[in-house]
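The values are calculated or read from the model by the stated rules, or taken from the named source; none is laboratory data. Not measured: the values here are computed from a predicted model. Quick reminder, even Gly has a Cβ in these numbers, built from the backbone with ideal geometry, and neighbours come from all protein chains shown. The protein model used for the area step is the full one, side chains on, heavy atoms only, and it has no ligands, DNA or RNA in it. Shrake-Rupley method; radii C 1.70, N 1.55, O 1.52, S 1.80 Å.
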Amino acid sequence: MCCRWVRTMTPPERWPDLAGRIENGVHILPVRVYYEDTDFSGNVYHANYLKFCERARSDCLRMLGIRHRELHARSGFVVRRLACDFLKPAHIDEVLEVESRFDEIGGARLDLDQQVKRKAELIFHAKVTVALIDGEGRPKRLPREMIDALLAVATTLTAS
């Protein structure tokens, strides 16, 4: 009796690849909205969109063979600039997709365009510049292997 409701539930949707996927030069990371992601109004708390985007950047690099643990031993990425637009709210249990596009590579920086979508509907947009720094906090040139990996997947990427 206590579990009769289980029979009436729809089967869970198939969860996509954990680190996302790359399609046409765009990294796409599915993110489910959990209770902990929401605020008192039931909407996703604004700072969590930034966390979703951070997760997408990390998973994209992971898919390209760039491991943060190895990178962190001698350097790491920091956010240098961030501009974002909150367009529509997301809610608990929704599955969102974070799309990350690399726009430009500089000596020590990457410029990205990141969008959070619910189905095809744009709900959050960010322009992000990240910089690679050494252990002392100084800019460090991106390794050639990293540039090559990024250029191999990003169809519109330019290196300056």
> For the peptides 86-92, 27-33, what is the packing order when you average, over each peptide's residues, the other Cβ atoms within 10 Å and list the highest mean first?
Replying inline: 27-33, 86-92
> For region 14-67, with the dipole built from +1 on Lys and Arg beta-carbon atoms and -1 on Asp and Glu ones, taken about the Cα centre, which of A19, G65, S41 lies farthest toward the positive end?
Replying inline: G65
> Under Stokes-Einstein, with the Kirkwood radius over Cα pairs standing in for Rh, what whole-number D in µm²/s applies to the chain at 37 °C and 0.692 mPa s?
Replying inline: 192 µm²/s
> To the nearest 20 debye, what charge dipole does region 21-160 have about its Cα centre, counting +1 at the Cβ of each Lys and Arg and -1 at the Cβ of each Asp and Glu?
Replying inline: 420 debye
>> At 1.4 Å probe size, with the rest of the protein present, what percent of the exposed accessible area of the chain is carbon and sulfur atoms?
In response: 54 percent
> Which trypsin sites (Lys or Arg not before Pro) in region 73-123 pass both tests, a DSSP loop state and at most 11 other beta-carbon atoms within 10 Å?
Replying inline: R74, K119
> Residue-wise, which Karplus ³J(HN,Hα) couplings in Hz belong to region 74-80, taking 6.51 cos²θ - 1.76 cosθ + 1.60, θ = phi - 60°, and x for glycine or proline?
Replying inline: 10, 6, x, 8, 10, 7, 9
> Per the Kirkwood definition applied to all pairs of different Cα atoms, how many angstroms is the hydrodynamic radius of region 60-149?
Replying inline: 14.5 Å
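What does the convex hull of the Cα atoms come to per residue for region 101-160, in Å³?
Details: hull volume 5.9 nm³, N = 60.
Dividing the Cα hull volume of region 101-160 by its residue count gives 99 Å³.
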